[in-house]
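The values are calculated or read from the model by the stated rules, or taken from the named source; none is laboratory data. This is a predicted model, so every value here is computed, not measured. Cβ coordinates were reconstructed from backbone atoms using ideal geometry, including for glycine residues, and neighbour counts include every protein chain displayed. These accessible areas exclude ligands, DNA and RNA; they are computed on the full protein's heavy atoms, side chains included. Shrake-Rupley method; radii C 1.70, N 1.55, O 1.52, S 1.80 Å.
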Amino acid sequence: MKDGASQGASLARQNAWLLVLAFVVFELMMAAAVVGFVMMPMARRSAANLSGLMVLSAQTWSELPPETRPAFERELARSHALALRAGPPRPAGDAWHGPFIHFLEAALWEKTGDRRHLVRETAGGEDWFWASLPSGGSAIWVGFPISSLDVRPFLAAAVSLAVGLVLALATALWLARRTVAPLARLEEAAVQVGRGEVPELLPETGPRELAALARRFNDMARQVRELLAARTVLLAGVSHDLRTPLSRMRLALALLEERPAPRLIARMEADIGEMDRLIGNVLDLSRGLERETPQDIALLPLLESLAADDERVTVSCPAAILRAAPLALRRILGNLLENALRHGAGKPVELKAEANGGRMRIGVLDRGPGIPAERVEAMFQPFHRLDASRSPTTGGAGLGLAIVRQLARANGWQVDLLPRIGGGLEAWITLPTGAAP
């Protein structure tokens, strides 16, 4: 069974056919406009002029002396490609007459008062049209060769359509190179992403829409690259951090076989609790990209509930209503508050909120040692600790800020870590208010 890509026509072929159809329609419309507004009026005017010349020639010929008529006929043939004869022509059949002949017959009818039907004759390998016109008291045949009209509408239409088709195909090839080629590169890169590979970034050039599409794809490719790197770091960090409590538990089990002791059992329970917290943090980090349904949140009660468990925390917040994901916001503020209390050297911590236009900034401010500016970005990486000892009691698991950033990105919020005036750290999260205070 063929896939959908092989069943449909390529974009280049579709563009070519659409352009060919557009050019053909355009040529037909232009031809109709030129014929209706330019050629038809000119043909009528030319037929009227020719009919007047034919009638005048017939009348002049009858008024000239017989000895001057041959010279007049030669001059008429040389200057105006008209011929005069007394006898009727031999009809070559009632062939198709173009619009100009019908216009000429109508003009002759208007000038003579009688309907005149032009007769077609083939003489000397050339086609002529003849009309019987009054000349004195009799009639004379006035004719002209078809070649004198020198009109080839079918050739003009064929050349015009051929040029239009060539232009359409050339334009389609140009569009294919300009439009389809970037899409082909995008398709190849998407296939690489589907295979779990990290593609090269696409050039963000060309038309605005294609450049925007390439920019979005590059953003996605960077996120995939970051996720793959974070997954590698996450697995490595988990395996490393689980190895230590597992080694202590193995040692405690060996000692319990020789001499049971409540201290060893309590130590094993503590290690199990540490492993459980680590696994819980990893699960929280893995769920960071899941979107949560926003709800209306009363900000002041939320901050007061977070500060209720520790008397060192103070709250400064206006009475505001936010439209946000409640569990994600609580988890972000809880992690920031936990870090501030752990590293705040026992000093007071402030939970502060302030409105700024259509956005709300919520900060966790401490008086701890702070974070050097060159290490702020690294602190958001999984298992990266400011404390090199990697002790859970002093440095935590190293996942708190990584969880904060994942949750913030998933909800379109912004997290900043800034030095605090007078010493300490300011951790701010900025999000839309969703409602006026």
Problem - Test: residue in the range 181-202 that is closer than 20 Å to Gln14 by Cβ and touching a Lys or Arg at 6+ places or on another chain (Cβ under 8 Å) - result: no
Completion exercise
The number of residues in the range 193-206 that are modelled with pLDDT of 80 or more and either among the hydrophobic types (A, V, I, L, M, F, W, C) or more than 26 Å from Trp174 (Cβ to Cβ) (or both) is 2
Handout entry: Among (1) of a type in the set (A, V, I, L, M, F, W, C); (2) within 24 Å of Val38 (Cβ to Cβ); (3) modelled with pLDDT of 85 or more - the single one Val119 does not satisfy
Key = (2)
Exercise for the section: Give the range 97-133 a look and list any residue that's surrounded by 19 or more Cβ atoms within 10 Å (Cβ to Cβ) and among the small types (Gly, Ala, Ser), or say none. Expected result: Ala107, Ala131, Ser132
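Is the range 362-373 home to any residue that is in a helix (DSSP H, G or I) and surrounded by 14 or more Cβ atoms within 10 Å (Cβ to Cβ)? Reasoning before the result, please.
First, the residues of the range 362-373 that are in a helix (DSSP H, G or I): 373.
From what is left, the residues that are surrounded by 14 or more Cβ atoms within 10 Å (Cβ to Cβ) are none.
No, that holds for no residue.
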Fill in the blank from the handout: Out of (1) open to solvent by less than 30 Å² (accessible area, probe 1.4 Å); (2) in contact (Cβ under 8 Å) with a residue 24 or more places away in the chain, the one Leu202 does not meet is (2)
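Any chance you could count how many residues in the range 419-431 are farther than 25 Å from Pro294 by Cβ and either touching a helix residue (DSSP H, G or I) at 6+ places or on another chain (Cβ under 6 Å) or surrounded by fewer than 16 Cβ atoms within 10 Å (Cβ to Cβ) (or both)? Spell out the reasoning first.
Restricting attention to the range 419-431, the residues satisfying the condition of being farther than 25 Å from Pro294 by Cβ are 419-426.
Checking which are either touching a helix residue (DSSP H, G or I) at 6+ places or on another chain (Cβ under 6 Å) or surrounded by fewer than 16 Cβ atoms within 10 Å (Cβ to Cβ) (or both) leaves us with 419, 421-423.
Looking only at that region, the number is 4.
With the structure loaded, tell me whether Arg78 is modelled with pLDDT of 90 or more, closer than 30 Å to Ala31 by Cβ and out of contact with any strand residue (DSSP E or B) (no Cβ under 7 Å at 6 or more places or on another chain) or whether it fails that test. I'd like the intermediate steps shown before the answer.
Working: modelled with pLDDT of 90 or more: yes; closer than 30 Å to Ala31 by Cβ: no; out of contact with any strand residue (DSSP E or B) (no Cβ under 7 Å at 6 or more places or on another chain): yes.
No: the conditions fail for Arg78.
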Problem - Residue satisfying all of: in the range 310-330; surrounded by 14 or more Cβ atoms within 10 Å (Cβ to Cβ), free of Cβ contacts under 8 Å to residues at least 60 places away in the same chain and among the β-branched types (Val, Ile, Thr); farthest from Thr433 (Cα to Cα) among these - result: Val313
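Report those strands (runs of 3 or more DSSP E) wholly inside the range 106-179 carrying at least 2 residues which are within 21 Å of Ser79 (Cα to Cα) and more than 48 Å from the chain's Cα centre (by Cα).
Values: elements: 119-123, 126-135, 138-145.
It comes to 126-135, 138-145.
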Handout entry: Which numbered condition Pro348 misses (of (1) at pLDDT 85 or above; (2) buried (at least 18 other Cβ atoms within 10 Å of the Cβ); (3) over 47 Å from the mean Cα position of the chain (by Cα))
Key = (2)
